[in-house]
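Derivation of every value follows stated rules applied to the coordinates shown; laboratory data play no part. Remember, predicted model here, so these are calculated numbers, not experimental data. Cβ atoms come from the backbone with ideal geometry, glycine included; neighbour counts cover every protein chain shown.
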Amino acid sequence: MNSLTLYDKLWNSHHVADLADGSSLLYIDLHLLHEVTSPQGFSNLRRAGRKPWRSSSSMATPDHNVPTTQRDAGVTEFADPLAGRQVAALAKNCVDFGVPSFPLDDLRQGIVHIIGPEQGLTLPGMTVVCGDSHTATNGALATLAYGVGSSEVEHVLATQTLRSRKLRNMAVEVDGRLGPGVSAKDLALHIIGLIGTAGGIGHALEFRGTTVAALSMEARMTLCNMSVEAGARTGLIGYDAVTEAYVRDRPFAPIGAMWARATSYWATLHTDPGAHFHRRVTIAAGAVAPCVTWGTSPEMVAPIDGYIPSLESAANDIQRNGWRRALDYMGLAPGQPVAGTPLDKIFIGSCTNARIEDLRAAAAVLRGRRVHARIKQALVVPGSGLVKLQAEHEGLDQLFLAAGFEWRAPGCSMCLGMNPDRLQPGERCASTSNRNFEGRQGLGGRTHLLSPAMAAAAALAGALVDVRSM
């Protein structure tokens, strides 16, 4: 029998048919929906008189365009009427089509990529899609998970299948122990800086090695979440004891005899010895430092104790011009130290870093300290209502509030300039989110991506700073 990668196994087990154009039809186990990319799909179903193929294979929750304050009065009181209409439309569509949901007033509501694993909706061996590119987060549980477009949302609703083309296999192997103050977010940024935002194009990216095996499930989700920023369609990590311990006793996880059957199958969800990867990248964990982006792409990244590169060091004119434009937008200069860059705002949240482990890491840095006077606003936005509840049970909310942070309700928040949590033109933010494109957090806003611990340290210093110094 041929040796197979994890991606090959997942693809083969969900392959339905080969199509005339060279693509294939895949069966989709779980379809996650939110208020921004689902309305078109539901409207087209309604117009065609169709129903979802299997409503129980979907789960919806509002997250992208929801306010994180003053929402108890309901959607009619949203400051943004469009956001209110989107959330109301999602609720109506779920009722009309029998799609299960966690509405805004449900304790389980949260960022769609967080609630799937949290509830045990995402299980090893599944195919998982959602109208959002960071669906790759779910790949940490040995799933084939990726984002789809609005028309594909309709196709999955109507047929429970998706037209797709098989990807190439790429391995990122990380061995050794991460140093003090270095997290999965730093590792993700290091990888992207190494291979670039186009490095994974056309590939399924599998994270492997002793470093990855030692990571918690939450840290693995951060890695898979950021695989999209390396150009990959999806990120994956093989099943092991960490996966099993995380999934066990989740609300939607199998129980009893079904649990035994499931774990027996899940134990096969790893890459076989000798399986072929089209590309391999090898990294020594000890070489990874706390990282911060300095430009307008996740690949424009440097260690916190490093410097913004000189334009002369660019690989070619295209990269040089990109760096020049990024530096003009960010208000920075070549050769400038990364540390010491003053900040206006801090954002701890997003599908990348809003789980309880992330909040604990930030809180540990903040304990007994206060946000620097230079910081205009510091936000902590838990990834779900259950994360928020757990943090409050542990007293983390009071610690954040005492330090000068605002404690918000779950949502995508300042990750993207879609809801009321936005940067103003020229404001500079240390953010635990996943993208630092021009205007990503608000028109003219300047974003530096980093880990939760680094964001907390930056809040205390009022500038980018090495958390290891604190």
Amide H neighbours of THR143 at under 5 Å, excluding residues fewer than 5 places away on the same chain, with H built from the backbone geometry, are GLY125, ILE237
Excluding residues fewer than 8 positions from LYS376 in its own chain, the lysines with Cα under 29 Å of it are LYS185, LYS345, LYS388
Can you pull out the trypsin sites (Lys or Arg not before Pro) in region 171-210 that DSSP calls coil and that have at most 14 other Cβ atoms within 10 Å?
ARG177
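By count of other Cβ within 10 Å, fewest leading, how are HIS64, HIS278 ordered? Spell out each step's value before the answer.
Values: HIS64 22, HIS278 13.
Ascending Cβ contact count within 10 Å gives the list HIS278, HIS64.
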DSSP-defined beta bridges in the chain - what % are antiparallel, rounded to 5:
25 percent
Would you calculate the separation in nanometres between label points at ASP328 and GLU438, each defined as 7 Å from the Cα along the Cα-to-beta-carbon direction?
0.8 nm
Alpha-carbon radius of gyration plus Dmax, which is the widest Cα pair, for region 223-318 in Å:
19.9, 63
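Any idea what the dipole of region 291-469 comes to, in debye rounded to 20, about its Cα centre with Lys/Arg Cβ at +1 and Asp/Glu Cβ at -1? Don't jump to the answer; show the numbers that get you there.
On the way: 19 positive and 16 negative charges, 54 e Å.
Using only the charged Cβ atoms, the result is roughly 260 debye.
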HN-Hα J couplings of region 384-394 from phi, Karplus 6.51/-1.76/1.60, θ = phi - 60°, integer Hz, Gly and Pro as x?
7, x, 6, 5, 4, 4, 5, 4, 5, 4, 8
Taking +1 at the Cβ of each Lys and Arg and -1 at the Cβ of each Asp and Glu, which of TRP323, ALA361, VAL381 sits farthest along the dipole of region 291-469 towards its positive end, judged by Cα position relative to the Cα centre?
VAL381
Enumerate the calculated ³J(HN,Hα) couplings along region 358-375 in order (Karplus 6.51 cos²θ - 1.76 cosθ + 1.60, θ = phi - 60°), each rounded to whole Hz, writing x wherever the residue is Gly or Pro.
5, 5, 5, 5, 5, 4, 4, 6, 7, 3, x, 10, 10, 4, 4, 4, 5, 6
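Under the rule of -39500 (n - 2.57) per DSSP H run of 4 or more residues, summed and divided by the residues of the chain, what mean residue ellipticity at 222 nm is obtained, to the nearest 500 deg cm²/dmol?
For the chain, the value works out to -9500 deg cm²/dmol.
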With N residues in region 379-437, what two-decimal value do you get for its Cα radius of gyration over 2.2 N^0.38 Å?
1.21
Between ALA79 and ASP317, what is the label-point separation in nm under the 7 Å Cα-to-beta-carbon projection?
4.6 nm
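Given N residues in the chain, what is Rg(Cα) / (2.2 N^0.38 Å)?
Working: Rg = 21.5 Å, N = 470, 2.2 N^0.38 = 22.8 Å.
So the chain has a normalised radius of gyration of 0.94.
If packing is taken as the average number of other Cβ atoms within 10 Å across a peptide's residues, how do 444-450, 270-276, 421-427 rank, most packed first? It would help to have the intermediate numbers written out before the result.
Details: 444-450: 25.0, 270-276: 14.7, 421-427: 17.0.
Peptide ranking by packing, descending: 444-450, 421-427, 270-276.
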Quick one: which of 326-337, 160-171 comes out on top by average Cβ neighbours within 10 Å, and what's the full order, highest first?
160-171, 326-337
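Give the average over all directions of the projected area of the C-alpha convex hull of region 127-193, one decimal, in nm².
Values: hull surface 24.3 nm².
Taking the Cα atoms of region 127-193, their convex hull projects to 6.1 nm² on average.
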Does region 291-469 come out rounded, prolate or oblate by the C-alpha gyration tensor, with a ≥ b ≥ c the root eigenvalues, rounded set by a/c under 1.5 and, if not, prolate when a/b is larger than b/c and oblate if not?
prolate
Pairwise label distance in nanometres, TRP53 with ARG177, each label 7 Å out on the Cα-Cβ vector:
4.9 nm
Could you grab the relative contact order for the chain? Cα pairs under 8 Å, six or more apart, rounded to a whole percent.
17 percent
Under a Cβ-Cβ cut-off of 10 Å, what is the net charge of the residues other than PRO452 that fall near it, where Lys and Arg count +1 and Asp and Glu count -1?
+1
Show me the ranking of peptides 88-94, 460-466, 391-397, 131-137 by mean Cβ neighbours inside 10 Å, starting with the highest.
131-137, 460-466, 88-94, 391-397
Normalising by the residue count of region 312-429, find the relative contact order in percent from Cα pairs under 8 Å and 6+ residues apart.
28 percent
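Mind giving me the FRET efficiency for ALA364 and GLU244? R0 is 30 Å, r the Cβ-Cβ distance, nearest 0.05 is fine. Each step should come with its number before you reach the end.
Numbers: r = 28 Å, r/R0 = 0.92.
Approximately 0.65, to the nearest 0.05.
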When all C-alpha to C-alpha distances in region 6-164 are sorted into bins of 5 Å, what percent of pairs does each bin hold, rounded to whole numbers?
2, 9, 19, 22, 20, 14, 8, 4, 2, 1, 0
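Please compute the net charge surrounding VAL99, taking Lys and Arg as +1 and Asp and Glu as -1 over other residues with Cβ under 12 Å from its Cβ. It would help to have the intermediate numbers written out before the result.
On the way: positive: LYS51, ARG54, LYS92; negative: ASP96.
Within the 12 Å Cβ shell, the charges total +2.
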What percent of all Cα-Cα pairs in region 294-378 falls into each 10 Å bin, going from 0 up to the bin containing the maximum distance?
14, 36, 31, 16, 2
At what distance in angstrom do the alpha carbon centres of region 19-76 and region 380-444 lie from each other?
25 Å
Show me the chymotrypsin sites (Phe, Trp or Tyr not before Pro) within region 41-123 that DSSP assigns to loop and that have at most 16 other Cβ atoms within 10 Å of their Cβ.
TRP53
Extension gain (nm, one decimal) between ALA198 and SER3, 0.36 nm per residue minus Cα-Cα
67.4 nm
